[in-house]
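The values are calculated or read from the model by the stated rules, or taken from the named source; none is laboratory data. Just so we're clear, the structure is a prediction, and the values are computed from it rather than from any experiment. When we count neighbours, we look across all protein chains shown, and the Cβ atoms used for this are built from the backbone with ideal geometry, even at glycine. Quick note on the areas: whole protein, heavy atoms, side chains included, nothing else; ligands and nucleic acids left out. Shrake-Rupley method; radii C 1.70, N 1.55, O 1.52, S 1.80 Å.
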Amino acid sequence: MDLEVLISEAEIQRRVRELAAEISRDYAQADELILVGVLKGAFIFLADLSRCLTIPRSIEFMAVSSYDNGDQESSAVRLVMDLRKNIEGKHVLVVEDIVDTGRTLNFLGELLAARKPESVKTCALVRKPDRARVETEIDYLGFEIPDAWVVGYGLDYDEQNRTLPYIASINPAS
Ligand code: IMP
């Protein structure tokens with residue numbers, strides 16, 4: 001399978017540090033920020049981002065899966081693993097690896113907002129603007145990439161290539 005590097009390890013590390021600095025500034029007055037990583041893809045991004053923050057933070061995880069109703073346009077998102085923590089009155093930042101159609105982030109944003117946190121914001125490392133199907137608000141965004149399947153830095157193709165230190169497009173047919 002052919003891999004073409006789209007975002008190098010150095011570029012990712014630099015951008016992660018920038019995002020962490022921005023987030024640390026924005027939440028400087030908050031008692032605590034709860035980072036909610038979306039499994040599995042966000043685990044590496046969350047690990048690096050959280051270690052660069054200079055504010056009090058804790059880590060939680062959620063897992064979702066998409067189910068296809070035959071056609072992509074109507075695919076929906078289902079909660080597979082919920083938070084263990086009550087987020088009422090807390091500041092929450094959802095940390096997602098990649099935003100494709102936007103459905104996952106929208107689903108999680110609405111679900112968490114209904115639990116009456118002090119605030120809910122979103123952070124995504126990568127977004128594919130050409131694939132957006134629903135409007136999504138991303139408060140902290142790493143990179144925009146063209147419409148291609150990408151792997152590395154937590155992202156997989158059929159569970160492979162998650163641990164590459166860079167992000168690459170993959171052509172499974174080759
Ligand atoms: P969305 O709900 O369509 O925005 O899809 C988001 C989820 O689809 C992500 O959390 C990933 O798990 C998966 N995904 C979308 N595009 C890619 C990709 O290019 N590589 C790996 N996973 C992807």
Where residues in the range 32-66 are touching a residue at least 60 places away in the same chain (Cβ under 8 Å) and not β-branched (Val, Ile, Thr), which of them is nearest to Gly109 (Cα to Cα)? Leu35
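Within the group Arg133, Arg162, Arg127, which residue is within 12 Å of the ligand (Cβ to nearest atom), at pLDDT below 95 and either touching a Pro at 6+ places or on another chain (Cβ under 8 Å) or of a type in the set (D, E, K, R) (or both)? Working first, answer last.
Numbers: Arg162 fails: at pLDDT below 95; Arg127 fails: at pLDDT below 95.
Being within 12 Å of the ligand (Cβ to nearest atom), at pLDDT below 95 and either touching a Pro at 6+ places or on another chain (Cβ under 8 Å) or of a type in the set (D, E, K, R) (or both) holds for just one of Arg133, Arg162, Arg127, which is Arg133.
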Is there a residue in the range 57-67 that is within 16 Å of the ligand (Cβ to nearest atom) and closer than 15 Å to Tyr140 by Cβ? no
Tally the residues that are surrounded by 15 or more Cβ atoms within 10 Å (Cβ to Cβ), of a type outside the set (A, V, I, L, M, F, W, C) and in contact with a Lys or Arg (Cβ under 7 Å, 6 or more places away or on another chain), restricting the search to the range 3-52. 1
How many residues of the range 136-159 are more than 9 Å from the ligand (Cβ to nearest atom), open to solvent by 50 Å² or more (accessible area, probe 1.4 Å) and touching a strand residue (DSSP E or B) at 6+ places or on another chain (Cβ under 7 Å)? The answer is 3
